[in-house]
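S.K.: Before we start, here is the structure in question, set down as structure tokens.
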Amino acid sequence: CDIIFSTPLSEEQLNTAKSKNIELELVPVVYEGFVFVVNASNPVDTLTQQQIKDIYSGKITNWKEVGGNDAEIVAYQRNETSGSQNYMTAFMKDSQLMEPKTDFIPASMVGLMDAVATYDNAENAIGYSVYAYAADMYGNGNEIKFIKVDGVEPTKATMASKEYPLLNYNYAIYNKAKEDSTTVDDLCEWLLNYNGQVAMSKAGYIPIINIKAEEEKIVPYTKKGTGGIKPTDYSLDSVKYTIYSENILDNNRVKGLNNQELQNSINQFIEDSIVKLDSKKQEFNNYLKLLNE
């Protein structure tokens with residue numbers, strides 16, 4: 001593919017690219033919050049950054065050391081090449097991240113969240129995730145809660161204001177040696193303009209430009225038009241127009257456009273896409289099967 005969107009890559013991933021003579025370009029496009037989650041029944045609501053580092057370096061092993069129950073802390077991690085593990089490695093910095101037990105490394109983000117939410121030892125568990133996933137995508141959200149970090153709860157508001165301390169970039173990543181025929185540069189330019197940032201904000205991410213300031217420049221909608229005065233002899237019959245209805249699609253093909261050349265082009269694109277997607281169907285099913293194993 002021409003481009004991917006990802007959390008920061010690990011050294012292993014970057015080295016793999018270099019071994020294939022690929023130099024990657026990483027363009028920051030949004031902020032992503034790095035959050036720590038515990039079970040909803042855990043009485044601990046807030047931890048300092050240092051306490052979290054001490055938990056994950058093995059210095060703090062019991063919840064009572066941070067104001068919780070007298071119970072061993074079950075600290076889940078992710079596999080080394082996952083995006084959230086890259087965030088964790090960067091967060092720990094000079095603190096030595098302890099070696100987890102094998103069964104404390106869920107193979108997927110949903111696996112880690114389930115471990116904190118619903119497994120047998122869930123009440124004593126702690127894990128980490130990216131905010132957009134944990135807040136907007138994970139299905140058992142009522143079984144977990146976000147830990148306040150240095151007293152600040154992770155919300156879209158505290159992240160947008162930069163109050164929440166654990167913010168990182170998500171990147172658009174592509175091969176620097178991309179072919180000139182790709183639209184990667186155009187896409188990256190759009191991602192970093194007002195419309196692209198609004199789109200990603202609606203998807204649950206934190207924009208890296210101040211779109212609120214941009215919004216203030218937009219004239220609010222009013223019922224009063226901004227064009228010229230309607231002619232006294234105006235009628236619909238004097239205007240060439242096409243009526244679009246729910247029947248514009250027929251057997252997944254567009255119909256009813258005045259521009260026949262455009263209509264043919266669109267329908268040819270649809271046909272070519274269906275053929276291309278069908279050719280990838282088995283590969284996709286194999287990928288789904290791998291994810292479920």
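The values are calculated or read from the model by the stated rules, or taken from the named source; none is laboratory data. Everything numeric here is computed off the predicted structure, so don't read it as measured data. Because the Cβ atoms are built from the backbone with ideal geometry, glycine has one as well, and the counts that use them run over all protein chains shown. Surface areas here come from the heavy atoms of the whole protein model, side chains and all, with no ligands, DNA or RNA. Shrake-Rupley method; radii C 1.70, N 1.55, O 1.52, S 1.80 Å.
S.K.: I'd like the full set of residues that are farther than 28 Å from N193 by Cβ, at pLDDT 90 or above and in contact with a helix residue (DSSP H, G or I) (Cβ under 9 Å, 6 or more places away or on another chain), limited to segment 1-29.
M.R.: None - no residue of segment 1-29 is farther than 28 Å from N193 by Cβ, at pLDDT 90 or above and in contact with a helix residue (DSSP H, G or I) (Cβ under 9 Å, 6 or more places away or on another chain), so the list stays empty.
S.K.: Take the conditions open to solvent by 70 Å² or more (accessible area, probe 1.4 Å), at pLDDT 75 or above, assigned to a loop (DSSP other than H, G, I, E, B) and more than 23 Å from T7 (Cα to Cα) and apply them to D70. Does it pass?
M.R.: yes
S.K.: Residues being assigned to a loop (DSSP other than H, G, I, E, B), of a type in the set (D, E) and either surrounded by 16 or more Cβ atoms within 10 Å (Cβ to Cβ) or modelled with pLDDT under 75 (or both): count how many of those fall in segment 132-161.
M.R.: 1
S.K.: Among the residues of segment 25-46, what is the count of those that are charged (D, E, K, R), open to solvent by 10 Å² or more (accessible area, probe 1.4 Å) and either in contact with a Pro (Cβ under 9 Å, 6 or more places away or on another chain) or not in a loop (DSSP other than H, G, I, E, B) (or both)?
M.R.: 1
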